[in-house]
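Working notes, beginning with the structure itself.
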Amino acid sequence: MSIPKVASTTLHRFFNKSVEHSHVRWDAIEVKSENKEIDYNKFFSFTVVRNPWQRLYSCWKDKCFIDDKYLENAPFFKKHKYVSFDRFVSVVGEQIKENHWCDPHIRPMNKLLSGYKENLEIENIDYVGKIETLNCDIECVLKNLKVQCEFPNMVLNKGRGVSSNYADVYTKDIIERVGSIYEADIVKFGYSFA
């Protein structure tokens with residue numbers, strides 16, 4: 001199950017191009033659109049999660065400093081282009097409270113996972129990996145899928161002129177606000193700020 005800002009582009013490209021003839025499908029929405037009656041419990045399911053503080057910083061860095069031509073279908077980010085990180089955190093908190101189905105790049109990971117499927121709860125996902133241990137986790141996934149292939153771990157989204165260290169922009173107040181916004185993810189996936 002793909003989660004935006006959690007190596008999703010890297011993993012999409014890897015599973016769509018590198019893992020030939022394996023019948024691996026990374027995007028649950030794509031699979032669901034092909035067969036409305038799919039029973040997810042008949043498949044090996046996996047996802048990769050990320051530290052919520054890092055994920056939100058990566059989202060701000062990647063989406064708020066991008067050319068307008070890429071924002072045509074992303075009105076939330078177009079509206080908040082070049083905002084400070086502090087302001088971005090405030091807007092994200094408001095957006096999530098107002099709109100449960102807000103942009104998937106800012107939506108809590110647990111909400112994304114439970115929204116992908118009606119008959120597969122988060123607790124029933126066979127394997128939950130973490131971006132912090134991506135190589136090892138993808139190796140385990142490939143082993144479970146009986147696919148012999150090496151994961152190259154290519155990072156595709158580089159910084160856009162702002163600090164690459166997420167801790168640089170976090171104040172104590174922002175740490176607490178993001179912790180409150182993504183509390184369920186922090187608890188469910190065992191994260192802390194550091």
The correct count of residues that are open to solvent by less than 80 Å² (accessible area, probe 1.4 Å), out of contact with any helix residue (DSSP H, G or I) (no Cβ under 8 Å at 6 or more places or on another chain) and modelled with pLDDT under 85 in the stretch 146-191 is 2
- request: Inspect the stretch 40-52 for any residue being closer than 28 Å to Val169 by Cα, assigned to a loop (DSSP other than H, G, I, E, B), at pLDDT 90 or above and open to solvent by 40 Å² or more (accessible area, probe 1.4 Å) and give the result as yes or no.
  value: yes
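Conditions (1) at pLDDT 95 or above; (2) surrounded by 15 or more Cβ atoms within 10 Å (Cβ to Cβ), marked per residue:
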| site | (1), (2) |
| --- | --- |
| Glu98 | no, no |
| Lys117 | no, yes |
| Asn124 | no, no |
| Lys130 | yes, yes |
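The values are calculated or read from the model by the stated rules, or taken from the named source; none is laboratory data. Treat the numbers as computed from the prediction; the structure is a model and nothing was measured. Cβ: placed from backbone, ideal geometry, glycine included. Neighbour counts: every protein chain shown. Remember, those area values only see protein heavy atoms, side chains included, never the ligands or the DNA or RNA. Shrake-Rupley method; radii C 1.70, N 1.55, O 1.52, S 1.80 Å.
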